[in-house]
Protein chains: 2
Amino acid sequence: MSATLLDALRAAVGAAQVLTEGDLSAYELDWRKRWRGKALAVVRPGSTDEVAQVVRACAAAGASIVAQGGNTGLVGGGVPDDSGRQVLLSLSRMNRVRAIDSANATITLEAGCVLKAAQDAAADQDLLFPLSLAAEGSCTIGGNLATNAGGTQVLRFGNARDLCLGLEVVTAQGDVWNGLTGLRKDNTGYDLRDLMIGSEGTLGIITAATMKLHPLPAAQLTAFAACGNLTACVHLLELARRHLGAALTGFEVMGSAALELVARHFPQLPRPLPGAAWTVLLECADAHSESQARERVESLLQTAIEHGHVADAVLAESVAQARALWHVRESIPLAQSLEGPNIKHDIALPVSAIASFVRRTDATLQTAFPGSRVINFGHLGDGNLHYNLQPAPGVQAQAFLDQHEAAVNRIVYDAVALFDGSISAEHGIGALKRDELHERKSPVAMAMMKAIKQALDPLGTLNPGRVL
Amino acid sequence: MSATLLDALRAAVGAAQVLTEGDLSAYELDWRKRWRGKALAVVRPGSTDEVAQVVRACAAAGASIVAQGGNTGLVGGGVPDDSGRQVLLSLSRMNRVRAIDSANATITLEAGCVLKAAQDAAADQDLLFPLSLAAEGSCTIGGNLATNAGGTQVLRFGNARDLCLGLEVVTAQGDVWNGLTGLRKDNTGYDLRDLMIGSEGTLGIITAATMKLHPLPAAQLTAFAACGNLTACVHLLELARRHLGAALTGFEVMGSAALELVARHFPQLPRPLPGAAWTVLLECADAHSESQARERVESLLQTAIEHGHVADAVLAESVAQARALWHVRESIPLAQSLEGPNIKHDIALPVSAIASFVRRTDATLQTAFPGSRVINFGHLGDGNLHYNLQPAPGVQAQAFLDQHEAAVNRIVYDAVALFDGSISAEHGIGALKRDELHERKSPVAMAMMKAIKQALDPLGTLNPGRVL
């Protein structure tokens, strides 16, 4: 059986693109090094038609397929299991920019196109591809869409879903659905595009996408603001939305414990507001001029100080200073890694509930695990926190995780449920949160999801055991 | 069987809310007076639980259900067929605003809430509910979502889909899915929300929704610009996107034939740029001040005039003048009605293809039907044209329609297909375009849609014969 399938795969994509030997850990080991699988073969098709042939061959042989882009996922959704029977389908060779239509403000990309390459292709035409996230140098458009990626520009431009107009998808039957429309409006039937987006390779394999582009802003301004508590941060967000409207493109929040880790592990980085309990990174874009943007941000911060929401603030005076401020924000995850093993969460809450959630959950965790440190930071404008737990200083971290990770997750996710939040804001479900999803999602929603999976992939060819 | 079902319906919602006698044309006759059906009963539940009971009763009796909001649909999707066996489920009594969360910038509404009431409820909190369309005084949120309504603010705020965060839905089995989340990010499983949105009551019955709110802009500015041809309008759009960024909230286009009809039937309305081949209505919102908005729009128009895209322009000097300009735009459909029967289209095209599409299709129609008048207007910023045909003056219009409507549609929709457009941009499929959809949609997409319908509504309880 396997031999026949391997022959069919070699016939489909060429023998050189069917990898079965040597070190395949670039494909079989996930980025966080939490899941190491073993594939029957790594298959690297070069065209949509080859992807379709691979799917048909696998379906006929009863083998299942894990699609993979840049292998930067955080929930184990893109690596094979350890059965040695799954086919790892890498989209990495399908990395072309197929077309840019400036007048329509769209770009059509193959799934394996690296996010940074898409940004660059747009910038070459004086246009903005707004999706931006930490892994942008290696993650791919197909993976971004399969997981509905978020990032730092969601407040203004939305998730990957909101940027996508059309898809090309290979179905579980190995048919090609050409839904590559560049239309802003199209009400002709069910929304198959959004059903595929975020389905993590379980309903179809995204092979290309047409995405929206935006004008490049004339100017961008970045500021740090010191707030005494999270409620003040939320007030500042409300005020910023009113003062800046759609010019508000970023609103990140960082707790003092997170910035202390950055200061410890990256002492060379600036620390503009060292005493702040909470620091907000605020970004404003302007279509017109930097002076108008500066005037607006200064007026906003002045008002926020007068209202007592903000104690102090700094505005970047140059692009280099703005980059340095962003660099502080982006160094938190790495500082956490350098500090040692920790427990990560990617939660979303109604913005109006965030302060209460944090007060309550901080206290519960402190009672259960005295001295443990909540490293709390994230995209406050979207209600998305990376609410992570670092064991108390001096505690053996790996042992702490082995013993307490499940209990910590239970405390956090129970509180998320209490405040009508989400246990996965932008990372997806994959393998990591599958059991949690089954336990916590509404049974009516789970029944609909299973019915849809059964309808579109009755043989279970596509990424079985993930999400559902 | 019917008697038993009627008893069950009366038990579910109370006898007074099960209408079987008298003039039911408010429910059975569509707004365009093209479809007159006959329902077994009009049922008016007052709560989500009552909706669920009605669905279970109908499913048990083998009866099908047509859900209806404000009955303002344009494609015959919300009225019963003439069998006398369908249950018309009116959501009109479920019209409450359940909650407004200012800090989270969300509003939760029942399906039968009239769009204008939702706008007013948001404005009372100094917030903007941006969905806006001609029928807003009577259409409802449930219908807006079931058809993924568009309107005049899509360029900036998106369709109904883009404004929705969460849904409450009664499934074909009569279960209640509570997906009323106010989260900006939630990647926990398949996107059931977007699958329901735009499915025109065939996959579930939307009973409530949580929608995004935006800050009210400090100032709005409206302008008319005269362009020599459609290509110039597209250039102006590109320039406006660059100059105004997200402050560009409206970009409507009107052909001279459309404005001539308005001038004929509404001579009291202003006609600011009488000689223009094409007139653009441009709207700019500003979070800050009217003077900055005016400065930006003036600078944009100056640049457009220098580049030769615009021949002349007028800016509204007051709110009253701005309303008058919008009123001209919004009077086109009524002027068409007063002129006599005509053939309507609601098409979308890539913005970059619009000028070519119009040149070619105008010529084809003129050759086939000499003297007929294309009344062309719409939301150019979204690539959405209402590309309508009025028979030649003096021709008996109803006879022309009876004889030629199918041929006209074929010419228009063939050209739409040639330019990768859509035959339904914002009105949906309903009964009107069902055959057209089956003929023109990709067979792979149709197969997926049918599989999903079968999976979620295996008995065909929900709005059978519509869309699919």
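The values are calculated or read from the model by the stated rules, or taken from the named source; none is laboratory data. Bear in mind that the values here come from a model prediction, so they are computed numbers and not experimental data. Reconstructed Cβ throughout: ideal geometry from the backbone, glycine too, with neighbour counts over all protein chains shown. These accessible areas exclude ligands, DNA and RNA; they are computed on the full protein's heavy atoms, side chains included. Shrake-Rupley method; radii C 1.70, N 1.55, O 1.52, S 1.80 Å.
Key figures for this structure:
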read-out: For A:K38, label point 7 Å along C-beta direction: distances to other copies, nm; value: 7.1
read-out: Summed buried accessible area for A+B [probe radius 1.4 Å, Å², rounded to 100]; value: 6900 Å²
read-out: Solvent-accessible area lost in complex, 30 Å² minimum, residues of the range B:344-362 relative to chain alone, 1.4 Å; value: B:P350, B:V351, B:S352
read-out: Per residue, in Å², the accessible surface of the protein assembly as shown once ligands and nucleic acids are set aside, probe 1.4 Å; value: 36 Å²
read-out: Cβ charges +1 (Lys, Arg) and -1 (Asp, Glu), total dipole of the range A:247-392, debye; value: 520 debye
read-out: Pairwise centroid distance, computed over Cα atoms, of the range B:197-253 with the range B:336-359, Å; value: 18 Å
read-out: FRET efficiency, A:S47 to B:R410 (Cβ-Cβ, R0 30 Å, nearest 0.05); value: 0.30
read-out: Dipole-positive endmost among B:A304, B:A392, B:L349 within the range B:254-397 (Cβ charges, Cα centre); value: B:A392
read-out: Those residues of the range B:161-180 for which accessible area with every protein chain present is at least 30 Å² below the isolated value (1.4 Å probe); value: B:R161, B:W177
read-out: Chain B - percent of accessible surface contributed by carbon and sulfur, probe 1.4 Å; value: 51 percent
read-out: Ranked packing of B:423-431, B:215-223, most packed first, by mean Cβ within 10 Å; value: B:423-431, B:215-223
read-out: Given charges at beta-carbon only (K, R positive; D, E negative), |dipole| of the protein assembly as shown in Debye; value: 1060 debye
read-out: Over chain A, relative contact order from alpha-carbon pairs under 8 Å, at least 6 apart, %; value: 15 percent
read-out: Pseudo-label separations to other copies for B:E317 - Cα-to-Cβ vector, 7 Å, nm; value: 4.5
read-out: Difference of contour (0.36 nm per residue) and Cα-Cα distance, A:A324 to A:R34; value: 101.3 nm
read-out: Alpha-carbon centroid distance for the pair the range B:389-432 / the range A:412-460, whole angstrom; value: 44 Å
read-out: Förster radius 22 Å - calculated FRET efficiency between A:S356 and B:S102, Cβ distance, rounded to 0.05; value: 0.90
read-out: For the range A:77-106 versus the range A:17-63, the gap between their alpha-carbon centres in whole angstrom; value: 12 Å
read-out: Label 7 Å beyond Cα on the Cβ vector: A:P370 copy-to-copy distances, nm; value: 9.8
read-out: Average beta carbon contacts from partner chains per residue of B:454-466, 10 Å cutoff; value: 1
read-out: Note, ³J(HN,Hα) from phi for the range B:83-90, Karplus 6.51, -1.76, 1.60, rounded to Hz, x at Gly and Pro; value: 6, x, 10, 8, 9, 8, 9, 8
read-out: Over 25 Å (Cα to Cα) - which of A:K450/B:K453; A:K450/B:K450; A:K38/A:K450; B:K212/B:K344; A:K185/B:K185; A:K185/B:K116 fall in this group; value: A:K38/A:K450; B:K212/B:K344
read-out: Residue among B:L163, B:A247, B:A103 farthest towards the positive dipole end of chain B, charges placed on Cβ; value: B:L163
read-out: Estimated [θ] at 222 nm from DSSP helical runs (n ≥ 4, -39500 (n - 2.57)) normalised by residues in chain A, nearest 500; value: -11500 deg cm²/dmol
read-out: Ranked by how many other beta carbons lie within 10 Å on average, peptides B:17-26, A:35-44, B:288-297 from highest; value: A:35-44, B:288-297, B:17-26
read-out: Percent RCO, i.e. relative contact order, over the range B:113-231, from Cα pairs under 8 Å lying at least 6 residues apart; value: 28 percent
read-out: At least 40 Å² accessible surface lost relative to isolated chain, residues of the range B:277-304 (1.4 Å probe); value: B:A287, B:H288, B:Q292, B:R296
read-out: Average Cα contact separation per residue, the range B:51-181, under 8 Å, 6 or more apart, as relative contact order %; value: 23 percent
read-out: Selection from B:G174, B:T188, B:A447, by position along the positive dipole direction of chain B (Cβ); value: B:A447
